[in-house]
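First comes the structure, then the notes that go with it.
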Amino acid sequence: MSALKIKKGSSKHSAYNLRPTFSDEVESHTLAVIVDNEPGVLARVIGLFSGRGYNIDSLTVAEVDHTGHTSRITIVTTGTPQVIEQIKAQLGRIVPVHEVHDLTVEGKPVERELALLKVQGEGEKRVEALRLADIFRANVVDSTLDSFVFEITGTPDKIDAFADLMRPLGLIEIARTGVAALPRGITTTT
């Protein structure tokens, strides 16, 4: 929840002007949602976002506890602080949802993503693509005489930067997994 802010021109001592105000600034938040691993749960979570007009920048889902039959949905979304609070509250009310964690608020999480990039090129462009791949620690996972498929892991910003450099060298296709994230330290989300 945002701290109380006092409107400009109002008295700091008046009890009538102490309403909390939320920032209008749009922020990106990474949410970890622990749910029952059963049919239809993902559709209900996604339905909440689409029904309210909220955007999803990244989405990953996987079972995290085979015996407890729970899955973890990691969602990267954007909105004002008030919208993010609404999203978390509404997610928490969905019946198969066990926990909702705002990893962004709990401390900067460790975030990683995997991407595959197909780059077509010959001659100097091919050599430059290999040189940049080495700098970004991307692996060549497939090679033909006229193309490469690179595998890269890292933050979304690192993958964006690598893709931007590959575009003029012949980037023709990209596939991304979406963000996987965990809180730092000893806190857990399962």
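Readers should treat all values here as calculations from the given coordinates under stated rules, not as data from a laboratory. In this text, all values refer to a predicted model and were calculated from it rather than measured experimentally. As a convention, Cβ positions derive from the backbone with ideal geometry for all residues, glycine included, and neighbour counts pool all protein chains shown.
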Rank Ala180, Ala115, Ala161 by mean-square fluctuation in a GNM of the chain with C-alpha springs under 10 angstrom and give only the top-ranked residue. Ala161
What residues qualify as long-range amide H neighbours of Ser58, i.e. H under 5 Å apart, gap of 5 or more or another chain, H built at 1.01 Å from N? Val76
Report the full-extension gain for the segment Val110 to Glu122: residue separation times 0.36 nm, less the Cα-Cα distance, to one decimal in nm. 0.6 nm
Rounded if a/c is under 1.5, else prolate if a/b beats b/c, else oblate: with a ≥ b ≥ c from the C-alpha gyration tensor eigenvalues square-rooted, which is the stretch 23-102? prolate
Sort Val140, Val26 by Cβ crowding within 10 Å, fewest neighbours at the top. Val26, Val140
From the phi of every residue in the stretch 128-145, what ³J(HN,Hα) in whole Hz does the Karplus formula 6.51 cos²θ - 1.76 cosθ + 1.60 yield, where θ is phi - 60° and glycine or proline is x? 5, 4, 5, 5, 5, 4, 5, 4, 7, 6, 8, 9, 7, 10, 7, 9, 10, 5
Specify whether the C-alpha gyration tensor of the stretch 110-181 places it in the rounded, prolate or oblate class, a ≥ b ≥ c being the square roots of the eigenvalues: rounded for a/c under 1.5, otherwise prolate if a/b is larger than b/c and oblate if not. prolate
Quickly work out the Arg176-to-Glu99 label distance, labels modelled 7 Å from Cα along the C-beta direction, and quote it in nm with one decimal. 2.7
Can you show me the helix-derived [θ] at 222 nm for the chain, built from DSSP H runs with n ≥ 4 at -39,500 (n - 2.57) apiece and divided by the number of residues, rounded to the nearest 500. -8000 deg cm²/dmol
Estimated FRET transfer efficiency (Asp157, Asp36; beta-carbon r; R0 30 Å; 0.05): 0.35
So which aspartates and glutamates can Lys158 reach, going by Cα to Cα under 14 Å and dropping same-chain residues fewer than 8 places off? Glu111, Glu113, Asp134
Two-site FRET efficiency, Arg131 against Val64, from Cβ-Cβ distance with R₀ of 35 Å, rounded to 0.05: 0.35
Just check the stretch 48-89 against the gyration tensor rule for me: Cα atoms, a ≥ b ≥ c as the square roots of the eigenvalues, rounded for a/c under 1.5, and otherwise prolate or oblate depending on whether a/b exceeds b/c. prolate
Scan the chain and hand back the longest stretch that contains none of the trypsin sites (Lys or Arg not before Pro) lying in DSSP loops with at most 15 other Cβ atoms within 10 Å. 13-92
Net charge over other residues, Cβ less than 14 angstrom from the Cβ of Arg44 (K, R count +1; D, E count -1): 0
With a Förster distance of 35 angstrom and the Cβ-Cβ distance between Asp164 and Leu48, calculated FRET efficiency to the nearest 0.05 equals 0.60
If one computes the Cα centroid of the stretch 143-165 and of the stretch 69-96, what distance in Å separates the two points? 30
